[in-house]
Structures are given as C-alpha cells and as structure tokens.
1. Which order, highest average first, do 125-136, 312-323 follow once you tally other Cβ atoms within 10 Å for each residue and take the mean per peptide?
2. With 27 Å as the limit, write out which pairs from 184/326; 147/182; 147/320; 280/320; 184/320; 195/355 have Cα-Cα distances beyond it, or answer none.
3. From a point 7 Å beyond the Cα of residue 350 in the direction of its Cβ, which residues of the range 177-199 have a backbone N at a distance under 19 Å?
4. If I model a spin label at residue 141 and residue 166 as a point 7 Å from the Cα along the Cα→Cβ vector, what separation in nanometres do I get?
5. Going 7 Å from the Cα of residue 267 in the Cα-to-Cβ direction, what parts of the range 193-207 have a backbone nitrogen less than 15 Å from that spot?
6. Given a Förster radius of 35 Å and the C-beta distance between residue 158 and residue 285 as r, what FRET efficiency does 1/(1 + (r/R0)^6) yield to the nearest 0.05?
7. Work out Dmax and Rg for the range 280-357 from the C-alpha atoms and quote the Rg first, both in angstrom.
8. Can you give the Kirkwood hydrodynamic radius of the chain from its Cα pairs, in Å with one decimal?
Amino acid sequence: MMIPDNDFLAHTLKALDNNDRASVDYGSFIVVTEGLGVLRFEPKYQSEASGASVDQSGIERIVVSKTKFQPVSLVISVGIHGNETGPMELVNQIVKDMLNQDLSPSIRLLIIIGNPHAAVKGERFCDVNLNRLFLGAHKNYIGREVKRAIFLEHCVTRFFDEAPANHTRLHYDLHTAIRGSKYKKFAVHPYIGNKRYNLTQFSFIAECGIEAVLLSHQPTTTFSYYSYAEHDAQAFTIELGKVHPFGRNDLSEFEAINVGLRSLIETGALVSSERYVSMKVFKVIDSLVKDSDGYRLNIPDDMENFTPFDKATVLAESDKGRYVIKQTGDSVVFPNVNLPVGQRAGLVIREVKNKDLFS
Ligand SMILES: [Zn+2]
C-alpha cells in the first residue's frame, strides 16, 4: 500500500484503525508498514552502474558507484506523548524525503509514531502515560496505551532480532517538554550500572544540538530504557524544546538534529566533534514520587527545568513527608503533580563533571 503524498503522519492520523501490514519496493530499499504508525526501511545492497565516461585514451568506462549497506539498525520514535508534535513533524519530513527518493537510507531504520490516538486528540495520552509502560510495566495498568506498549515492544523486538550481529543498535526517542528549560534541548541517558558511557553517542547528540544530558540513577519503564535493557541498543530519550500544537512548530529549531539524523541515515556514520566537552551533564540523585493527593511542589508553575535551588529548600511536601534540597545547586526536571498517586512527580539532579565520565 502506498502512502498518499508520502505523508506518513497525515496517513497515520487519518486512519486510526488501519493496522495493515504491507511492503513496497522502492528500488534501493524496501518499506514495510508494520501496523499503525510504524514503518520499517530495509536498504538493499546495491552495485549500480551510475553512468559512463570516456577517459583520455578514448575508451569508454562504466563508472560504478556502490550504495553500501551500513551495519546500523536505528529506531527513531516520536509522539510517544500525543501532544508532542514538533518531533513528529520533523521525522515526517525525513520519511517524506526518503519516500520521494530525495534521501537514500543506507541503514536499517524503524520509524515509530508512538501514540496516534492521543495525537489526534492533541493530548499527552488517552488513558495512561505510555512512556511508563515498557519492560512489562503495562501489566499494572489498563487503557488504550497498554495495547500500544505491547505492540511497540513487539515491533522493536522484531526489528532488532532481525538485525545482523555486527549491527550497531540505536534508539532515539524524541520528545518535547511541558515546561520551559534552562537547557532547551537535553537528553536522558538510560541507567547503565557499572558499564561505561559511550563517547561516540555523547559526541553525536552534542553535534545534534543537545545542551545537557541527565544520567538516570535506576532502571525505568521508558521506551528508550526498554531498547537499552532488552536489546542492548545505545538509547536516549531526547527533549527538543517546548510542546506546541501541530503546525505551530518552528522546525528550524530542530536543524542540528535534522542534519545529524539525515547524515546518519544516509551514511551510517554518527557526526561528531569536540562539542560534547561543553555539554552539561547531570546525574539524577532522587525521584520525587507523589505520595498522597495533597502532595505539592513549592515551585512556580513557570519555573524552568534545571533551575538551581539553595540547600534546605523544602521542595515537596505532603501529609506523608517532605523533600528537602540536600546541596546548593541541585535542581529539578520534569516537575509535575497532575498525575496519579504513586507516580513520578519529578527528578532531582546534580551536575557532574563531563570529563569524568569517559576516563
Ligand atoms: Zn514526552
């Protein structure tokens, strides 16, 4: 089945009950529709005659250029939260350019529009936050997102299971945040225990315009952590700025990551530079958990992520207890109390030295 106007996003949001699987041969690659909102690109190894030329001795030569299949399997997911439209529009344009044959993938690629039902409503989710349901956590919930989490895990499993053993496995899960942020673009790195951080990955996201990285302090049930934990992928949750409705995003804000992803798709190489040296790195030191209905955070609604606090500030309180800032400079990201009791109301973070990570 062809996608009308090669507009995968519009096609997905228009037919929410369309779960057909189909594949279309585009010559140098095959595109497989895996179900609603999921497209897989499989490049073919090619050796093609790209033209003839006549050399100095007058002998005609066929010029052969090889489109080489690079050993990378990349998952890009967007719209896991349905109202985070910017990354959906960005990735839709990349998909459109591939389907139009203006951008030629040399790597295996899985494109995921995470929560189309919520996207149509312009809401973060329908019944429950999809980005808390991975790694089996969906068992503890009911609602539309439960089925979606199971389906997305299934698609990612099949994609990575079919990857040859020598492939670099990558998953970038792109989001936008509810509130403003001192560092507008930042990434959340999965918890890796005693393993080493991957300098190439940090370097790549720095080149993609990411200003700060949060190092998770424990396993989570997010989509990117799932790919890391279950499939040994290098994975990040990437926040690219503030939430806006469809059509209200300034895609030029995403130019650095747009260029980085396109280059990765086309060449299989991660652009890099020394820019990571100036990227801020924070470790998560505590999770705030909403422990009762009366739970509240003592911060203004418009306070930006990463705003530092003084030691002894009472950050959160309820009839069950309170959270006091332990060290001046500690700050908070993702503060949010509009959620059920028992869920995460924010992360307390502390800056660490970038150079210590890779030594
Ligand atoms: Zn999000």
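Every number here is computed from the coordinates shown, using simple stated rules; none is lab data. None of the values given here were measured: they were computed from a predicted structure. Virtual Cβ from ideal backbone geometry, glycine too; neighbours counted across all protein chains shown.
1. Numbers: 125-136: 20.7, 312-323: 15.0.
Per-residue mean Cβ counts within 10 Å order the peptides as 125-136, 312-323.
2. 147/182; 147/320; 280/320; 184/320
3. Output list for this probe position: 189, 191-194.
4. Between residue 141 and residue 166, the simple spin-label model gives 4.0 nm.
5. Inside the label zone: 204-205, 207.
6. Details: r = 37 Å, r/R0 = 1.06.
The calculated FRET efficiency here is 0.40.
7. Spelled out, the Cα radius of gyration and Dmax of the range 280-357 are 12.7, 42 Å.
8. On the way: mean 1/r = 0.0462 Å⁻¹.
After inverting the pairwise mean of 1/r, the radius is 21.6 Å.
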